[in-house]
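Working notes, beginning with the structure itself.
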Amino acid sequence: MALVEGRLAERNRAQQQIAASEKLAAMGQLSAGLAHDLRNPLGAIKNSAYLLKKKMTSNGVIDANSNIGKYLEIIEQQVAKSNGTITDLLTSSRVMPPTLTSTDIDLVLKEFLESWVGTDNVELSQYVDSDLSPVMADGDQLQRVFLNLANNAREAMPNGGRLTITAKSVNKNVEIEFTDTGEGISDENIERIFDPLFTTKTKGTGLGLAVCQEIVKQHRGTISSRRNEESTCGTVIQVKLPAMQMP
Ligand SMILES: Nc1ncnc2c1ncn2[C@@H]1O[C@H](COP(=O)(O)OP(=O)(O)OP(=O)(O)O)[C@@H](O)[C@H]1O
Ligand SMILES: [Mg+2]
């Protein structure tokens, strides 16, 4: 019976992954189309504002009425802002195929932690095995995964807590875990956290974990969540990546 249940859970998980992958790919395509269609008119607005400014400066119109210069500047600023939003839209849902090279997870974690902004009330601990096996990975993409996991942990602990990051070699894998002492995930939500657009946050996009899952999948790894049993509350997110086979 337990075996059947295990197989069913495994199949459900595989189906969830395929559905999430397809949804993310569809969103990526939609974003790319939208970005293309919006960038052209934005480019035309930007050029026109530039030419207007140039002409009006040479005619002395701008000097005579300083408000005109100000309005043109507002147009330029808002076009730049819209272009930034389009770039965010494109990068948030798109996962490019990884460039796999022999990678040391401890270095990727170190680099990531140098740039990550935590909060004063979240204590950070790190335990990384000294004999960690290298993995075939795209370091930049793994940094994106770690950033999403650390941000989620931070957001789950608005009143403070502890984030523990561990990395160790287990059998033929490297296991990286982000453990927090935050609010935890309800049984009802646990099945949905990797679904694209699933969020419980007012300002969340719900893409963070979906992107993590896609990246990890492209590295032939797995990502999963469980309750933090070592604390009264909190979550563990585990990323498992296949260790490089030594000749
Ligand atoms: N460490 C965690 N503790 C508690 N809940 C979590 C944790 N990580 C993820 N979740 C839950 O999973 C949901 C989905 O997470 P995900 O990172 O995909 O999106 P988000 O954080 O809501 O938004 P985004 O990452 O796009 O800003 C979250 O809204 C939250 O409910
Ligand atoms: Mg998130």
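The values are calculated or read from the model by the stated rules, or taken from the named source; none is laboratory data. Note that this is a predicted model, so its numbers are computed, not measured. Cβ sites come from the backbone with ideal geometry, for glycine too, and all protein chains shown count toward neighbours. What goes into the accessible areas is simple: the full protein's heavy atoms, side chains included, and nothing from ligands, DNA or RNA. Shrake-Rupley method; radii C 1.70, N 1.55, O 1.52, S 1.80 Å.
Can you tell which of Gly182, Gly69, Gly204 shows the greatest fluctuation in a Gaussian network model of the chain with Cα springs below 10 Å?
Gly69
Could you work out which residue, out of Leu24, Leu42, Leu124, moves most in a Gaussian network model of the chain, that is, has the largest mean-square fluctuation with Cα springs under 10 Å?
It is Leu42.
Given +1 on the Cβ of Lys and Arg, -1 on the Cβ of Asp and Glu, and no further charges, what dipole in debye does the chain carry about its Cα centre, rounded to the nearest 20?
1020
What number of lysine-lysine pairs in the chain show an alpha-carbon separation below 13 angstrom, given a sequence spacing of 8 or more or placement on distinct chains?
Lysine pairs satisfying the spacing and distance rule in the chain number 6.
Give the accessible surface of the stretch 101-242 per residue, rounded to a whole number of Å², with probe radius 1.4 Å and ligands, DNA and RNA excluded.
It amounts to 53 Å² per residue over the stretch 101-242.
To the nearest 20 Debye, how big is the dipole of the stretch 12-59 about its Cα centre, given +1 on the beta carbon of each Lys and Arg and -1 on that of each Asp and Glu?
Using only the charged Cβ atoms, the result is roughly 340 debye.
Using +1 at the C-beta of Lys and Arg and -1 at the C-beta of Asp and Glu, which of Gln218, Ile18, Ala49 has the Cα lying farthest in the positive direction of the dipole of the chain?
So the residue we want is Ala49.
Could you work out the Rg to Rh ratio of the chain, with Rh taken as the Kirkwood radius (inverse of the mean 1/r over all Cα pairs)?
Dividing the radius of gyration by the Kirkwood radius yields 1.11.
Along the charge dipole of the stretch 1-120, which of Ile86, Gly33, Leu113 sits closest to the positive end, that is, farthest toward it, with unit charges on the beta carbon of Lys, Arg, Asp and Glu (+1, +1, -1, -1)?
Towards the positive end, the residue furthest out is Gly33.
Can you pull the percent of the chain's accessible area that's carbon plus sulfur, 1.4 Å probe, other chains left in place?
54
Dipole size in debye (nearest 20) for the stretch 2-93 around its Cα centre, Lys and Arg Cβ +1, Asp and Glu Cβ -1?
Dipole of the stretch 2-93, to the nearest 20 debye: 160 debye.
Gaussian network model of the chain, Cα springs within a sub-10 Å range: biggest mean-square fluctuation belongs to which of Gly60, Gly221, Gly184?
Gly60
May I ask which residue of Leu8, Ile237, Gly208 lies farthest towards the positive end of the charge dipole of the chain, with charges of +1 (Lys, Arg) and -1 (Asp, Glu) on Cβ and the Cα centre as origin?
Gly208
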